[in-house]
Every structure is written in C-alpha cells, then in structure tokens.
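Undergrad: Just passing along the structure, written as structure tokens.
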Amino acid sequence: MRFDIDILIVFADADNAPTEKNDVGWVSQFKKFLEFMLFQVLGEKPNIILKGEYDTMTSPNLDNAAVLIPILSKDFTTSSTCLDHIEAFHKAAHAGFKNHTRTFKVFKSPLSVSEQPELLREMFGYEMYQLDLNSGEFREYSDYFSVEAERQYWMEIVDLSYDICDTLQSLKNEAVDPPVKNLFKRKTVYLAETGHDLSVQRNIITRELQRHGYAVLPNQTLPGNAVDIERVVRRDLNECSMSIHLI
C-alpha cells in the first residue's frame, strides 16, 4: 500500500494560535523542526501535513497517511473532532499493516494517563514542554534554542524522528518485499522508567542500546495500579537478559 502522506499531525486549533512572543503557532513550529530533523535522518524531505479541528483536507477515514502524530493537550482531549481523528486512523491502520507503531503521541502539556484518549494510553509519548521540578508547574518553550530546549525539546525531536524513520522504512519495505523470517532474536534490555528529571538520560541510554542492536523494554506506558504494574514488569523482565535502573 502506498501512502499519499508520510506524517499527518492532528491538533486542536487553540494549540496553534500565535502568541505575543511567537507569530508562528506552536504546532506549525513543531512541524518545521520535525521536518528539518527528518530530512537529516531520512535523506529526503518528508510529506508532513497539518490537520486542525475544522480542516476538511484528506479523506474522512484517514487511510492515506502512514504515520499519525496527535498533539496532546487539554484542548485536544475535549475536542470530539480530534478524538474522532484518533479513532478513524486507528481503524484504518489496523486494517492493513498491523505490526508497526504508526501513532506517535506528542505532549504539548502534561496529561495524566486517565486524561489521555483511551486508544493512546499504552503508547509512549514525547514530552515537548518544560517542567519545574520544584513547583511542578509547566510552561511552553518560547526560546527553542535555549540550553533547556536543547536538553529536552530537541532531544525529544531527535528521538521522535528516529522512531518515525524506523516505521516509515518498515512500511516501505513491507510494501515492496515479502516478510523474511528473522533467524536471530535480538537481546533485550529492561530500562526502567524514570521521573521527568532523568528522562533525557534515559533517552540517551535507550538510543545507545538500540544503536548496538538491543531491543529495549518497556515499550508501552505502565498501567495505573500496582497489581497490573507488577504483572507487566515481571512479564517484560522475563524477556530480558539485563535490567538498568537510573537513580
């Protein structure tokens, strides 16, 4: 199957409104930076399309996009149109290529698991906001080239770009060649979840492990209660030859 759109970014219109400090909306700025980074990774310019709440562009069933990026925020979760986009893409994605992650959730602001759309809760997300560890308050980046932005925002952009690149290449290869059975199972490492203060360090270790051919678990958001967390962690640890815990 050939896709007309490489990446479709869906968002609540309020999240792309210009501010006093930036004439360009947050989502438009994010698209610009992601496009730049993906060009470095892919070697070609990706076709990235923005779709707001009231944008009628693209077919209603969203089956012409390879990857979906929902920009999560309070406004997104209260928009029935945005939630409909998630459900429509989920149905279209599972009607074809079932073995690839094709939805990558990006957090414009922090949301608890229960606040997120149900279809997205288990997926890992990419946090694109600043969090004050002392007060717990968050703020959006206004200076995208500050030291803080380099440590958090741009690291997340890099991670997201490589993950999307893997998916796009897998979809392309699957469409051209029949799947080949992998005779060699990669070793798996358990890299425990961390708080926001160590997220950058965890991402660096994740990339280094993957660069050396290791699979990394957990590959989904942990459940919200202790019983399910223990069950999922035990299951993942049984697959791993080593576990790493950052303190």
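The values are calculated or read from the model by the stated rules, or taken from the named source; none is laboratory data. These numbers were taken from a predicted model, which means no experiment stands behind them. All Cβ positions, even for glycine, are placed from backbone atoms using ideal geometry, and neighbour counts span all protein chains on display.
Undergrad: Pull up region 29-70, narrow it to residues that are polar (S, T, N, Q) and within 25 Å of His90 (Cβ to Cβ), then point me to the one that is surrounded by the most Cβ atoms within 10 Å (Cβ to Cβ).
TA: Here the answer is Thr58.
Undergrad: I need every pair where a residue in region 158-186 that is more than 19 Å from Met128 (Cβ to Cβ) has its Cβ under 8 Å from the Cβ of a residue that is assigned to a helix (DSSP H, G or I) and at pLDDT 85 or above, sequence separation at least 6 or different chains.
TA: Correct list of pairs: Leu168/Leu42.
Yes/no per residue for (1) within 14 Å of the chain's Cα centre (by Cα); (2) surrounded by fewer than 19 Cβ atoms within 10 Å (Cβ to Cβ); (3) among the basic types (Lys, Arg):
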residue: Thr77; (1), (2), (3): no, yes, no
residue: Phe104; (1), (2), (3): yes, no, no
residue: Phe124; (1), (2), (3): yes, yes, no
residue: Gly136; (1), (2), (3): no, yes, no
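Quick grid of which residues meet (1) surrounded by fewer than 15 Cβ atoms within 10 Å (Cβ to Cβ); (2) modelled with pLDDT of 80 or more; (3) touching a Cys at 6+ places or on another chain (Cβ under 7 Å); (4) not in a helix (DSSP H, G or I):
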{"site": "Ser142", "(1), (2), (3), (4)": "yes, no, no, yes"}
{"site": "Met155", "(1), (2), (3), (4)": "no, yes, no, no"}
{"site": "Asn173", "(1), (2), (3), (4)": "yes, no, no, no"}
{"site": "Asn182", "(1), (2), (3), (4)": "yes, no, no, yes"}
{"site": "Thr206", "(1), (2), (3), (4)": "no, yes, no, no"}
{"site": "Gln210", "(1), (2), (3), (4)": "no, yes, no, no"}
{"site": "Glu230", "(1), (2), (3), (4)": "yes, yes, no, no"}
